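In what follows, a structure is listed as structure tokens, so that the remarks can point back to it.
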Amino acid sequence: MGYFSTLNIAILLIDLALAWHVIRSGRTPMWIMGMGLASFINVLALVALWLAYLAMAVIPDFLNSHGMRRFRGSVAQAADPGRGYREKKRQVELVGSVDAKRALAEESVKRGYFAEAIELYEGAMQGPLGGNDPTLLKGLGRARMLAGQGAEAEALFVQLKTVDPAAFDADAELDYARALALQNKNDAAVTQYEKVVSRYPGEEARARFGLLLESMGQHDRAQALFSEIIKSVKDAPGYYRSRQREWLSIAKSHLK
């Protein structure tokens, strides 16, 4: 009965957990052998080995994990919201490479600095690939669309589709539909929305399509889309509901 005591079970579970970490992290199996040997010596030796492994392996792995890096980045961003932008701008000033300009352009779009983003993307396009870089074409098209330059954005998305059809993904298709709608090319925009709405990962395309249909007087179709959004989000996991909060709010406010 003593062999199956709470203490022995706890020791076994900790040993198994640490052994799993050793194997998963690709560390030397000597750690597992050491834990097995320490178990036959005494509990103090085993605890000392556990603490050594925690200090040398588990804690450093945790601190360098993707989740912890994101957490540290979020804390830094909250403490100094402009830090990322300043760092990227400094890289452009110091290096001036295509990648540096692209990174700053993406940050500028996030901050609503669309004119600056357009200038940066166009500057980056002076590189070796010129106007045939799919990433730059897609980014410039989005920046121009968000700046309200529908015709210019449309031309860039058409060029993107020609240069690299694979890069004309769901995000680009949605931006293309929005560029068409900016020009009041509503029939073409509806056709484009119909292509993207079923494959877009999230509710944004469906919500924007519903708003367009509503503005065109197609209320029944718009209402059906808003109902689909509410139904889709209602039974979804919490993380999905959180990410789709904006589009759910639009659907609820427009559903009659």
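Every condition in (1) of a type in the set (Ser, Thr, Tyr); (2) farther than 30 Å from Glu122 by Cα; (3) part of a helix (DSSP H, G or I); (4) within 23 Å of the chain's Cα centre (by Cα) holds for Ser227 except the one numbered (4). As a summary of the residue check, Leu137 satisfies the conditions (1) at pLDDT below 95; (2) assigned to a helix (DSSP H, G or I) except for the one numbered (1). The C-beta contact set for the stretch 110-127 (first residue over 16 Å from Ala100 (Cβ atoms), second residue modelled with pLDDT of 95 or more, distance under 7 angstrom, 6+ apart or interchain) comprises Phe114/Ala143; Phe114/Leu146; Phe114/Ala147; Ala115/Ala147; Ile118/Leu140; Ile118/Ala143; Ile118/Arg144; Ile118/Ala147.
Tell me whether the stretch 63-81 contains one or more residues that are under 30 Å from Ala151 (Cα atoms) and modelled with pLDDT under 90.
First, the residues of the stretch 63-81 that are under 30 Å from Ala151 (Cα atoms): none.
No, there is no match, as no residue in the stretch 63-81 is under 30 Å from Ala151 (Cα atoms) and modelled with pLDDT under 90.
Filtered by the rule that a residue be over 25 Å from Ala166 (Cα atoms) and surrounded by fewer than 17 Cβ atoms within 10 Å (Cβ to Cβ), the stretch 98-136 gives Arg111, Gly112, Ala115, Glu119. Contact map, the stretch 171-191: residues that are farther than 18 Å from Leu160 by Cβ and touching a residue at least 12 places away in the same chain (Cβ under 8 Å) paired with residues that are surrounded by fewer than 23 Cβ atoms within 10 Å (Cβ to Cβ) and polar (S, T, N, Q), Cβ distance under 7 Å, separation 6+ or inter-chain. No pairs are found.
The values are calculated or read from the model by the stated rules, or taken from the named source; none is laboratory data. The structure presented is a predicted model; accordingly, all values stated were derived computationally and were not measured. Reconstructed Cβ throughout: ideal geometry from the backbone, glycine too, with neighbour counts over all protein chains shown.
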